[in-house]
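Peer 1: For reference, the structure I am asking about is given below.
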Amino acid sequence: MNDVSLSPRALDLKSVDLSLGAGAARVHVLKDVCVHITAGETVGLVGPSGSGKSTLLMVMAGLERPDSGTVAVAGTDITRLSEDALARFRGRHIGIVFQSFHLIPTMTALENVAVPLELAGRRDAFARAARELEAVGLAHRAGHYPAQLSGGEQQRVAVARALAPEPPILVADEPTGNLDEATGRQIMDLLFAAHAARGTTLVLVTHDAALAKRCGRVLQVRSGLIVADSTRTTAGAEVTA
């Protein structure tokens, strides 16, 4: 296996600040956040509700723009991109899995997985989508609509959709939050298997301590700040920066 310490940075956030809301309801969500994630790492973002961990993930994915600071993805400062350019860049570089699946209800599983491939102009969009559904064990459900699928099956479709464009970075926001323990474990097995097989950088938000322990590195977020950065050694011990 490649030494990730010798790999380029997948994500590089410097002095990121972000406030959300307006007037008296405006909240300072991220405060001078600096994060450097090496290509091929598995990183868990943990912290109490309202700590800013999901917002931090959305900033990494280019779904939220910071008020100040820089966010570099694979060496490109995405804060300088227009909305259209950012959408195209994100489609090529970042796969996203949400807690609530975000499948299009009027499309079949196959069509949902094919969407990002069609947007990217892939002529083999449906063939590729079919292979991804097979990889997550849902080839037999390709023609079913989201309402006809269980929660676990819907999340498998969402994982297949995120992986279909073969992005170098995969981010997941509480991907097991709406699933029972056994089904959630299966979804995480898929994500970590994809990381191992494809060499993706995996960043996930989770409140599950057992899931966080599967990551090679854990960032603890509290009140918009990263308060701890722990790296798991090959012996299983944690080293906190």
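Peer 1: Among the residues of the range 121-133, count how many are free of Cβ contacts under 8 Å to residues at least 12 places away in the same chain, of a type in the set (A, V, I, L, M) and open to solvent by 10 Å² or more (accessible area, probe 1.4 Å).
Peer 2: Residues flagged as free of Cβ contacts under 8 Å to residues at least 12 places away in the same chain, of a type in the set (A, V, I, L, M) and open to solvent by 10 Å² or more (accessible area, probe 1.4 Å) within the range 121-133 amount to 1.
Peer 1: Okay, next question. Kindly indicate whether T200 is more than 18 Å from V113 (Cβ to Cβ), among the polar types (S, T, N, Q) and open to solvent by less than 10 Å² (accessible area, probe 1.4 Å).
Peer 2: Numbers: more than 18 Å from V113 (Cβ to Cβ): no; among the polar types (S, T, N, Q): yes; open to solvent by less than 10 Å² (accessible area, probe 1.4 Å): yes.
Criteria not met by T200.
Peer 1: Right, here's the next one. Among the candidates V97, V43, single out the residue that is in contact with a Pro (Cβ under 8 Å, 6 or more places away or on another chain) and of a type in the set (V, I, T). Write out each step before concluding.
Peer 2: Working: V43 fails: in contact with a Pro (Cβ under 8 Å, 6 or more places away or on another chain).
When all the criteria are applied, what remains is V97.
Peer 1: Can you tell me how many residues within the range 80-126 are under 18 Å from the mean Cα position of the chain (by Cα) and hydroxyl-bearing (S, T, Y)?
Peer 2: 1
Peer 1: So which pairs qualify, if the first residue must be in the range 10-30 and free of Cβ contacts under 8 Å to residues at least 12 places away in the same chain, the second must be in a strand (DSSP E or B) and of a type in the set (G, A, S), the Cβ gap must be under 8 Å, and the two must be at least 6 apart or on different chains?
Peer 2: Listed by first residue and then by second, the contacts come to R26/S19; V27/S19.
Peer 1: Next question. Starting from residues that are charged (D, E, K, R) and outside any helix (DSSP H, G or I), keep the ones in the range 121-133 and report whichever is modelled with the highest pLDDT.
Peer 2: Here is the first cut: in the range 121-133, the residues charged (D, E, K, R) are 122-124, 128, 131-132.
Now restrict to residues that are outside any helix (DSSP H, G or I): 122-124.
Numbers: R122: 91, R123: 92, D124: 95.
Looking at the filtered set, the residue picked out is D124.
Quick grid of which residues meet (1) hydrophobic (A, V, I, L, M, F, W, C); (2) modelled with pLDDT of 95 or more:
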site: A139; (1), (2): yes, yes
site: H144; (1), (2): no, yes
site: V159; (1), (2): yes, yes
site: V171; (1), (2): yes, yes
site: P175; (1), (2): no, no
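Peer 1: Quick one: D208 ticks every box in (1) at pLDDT 85 or above; (2) more than 13 Å from A172 (Cβ to Cβ); (3) open to solvent by 40 Å² or more (accessible area, probe 1.4 Å) except a single one, so which number is it?
Peer 2: (2)
The values are calculated or read from the model by the stated rules, or taken from the named source; none is laboratory data. None of these values were measured; they are calculated from a predicted model. Every residue, glycine as well, gets a Cβ built from its backbone with ideal geometry; the counts of neighbours run over all protein chains shown. Accessible surface areas use protein heavy atoms only, side chains included; no ligands, DNA or RNA. Shrake-Rupley method; radii C 1.70, N 1.55, O 1.52, S 1.80 Å.
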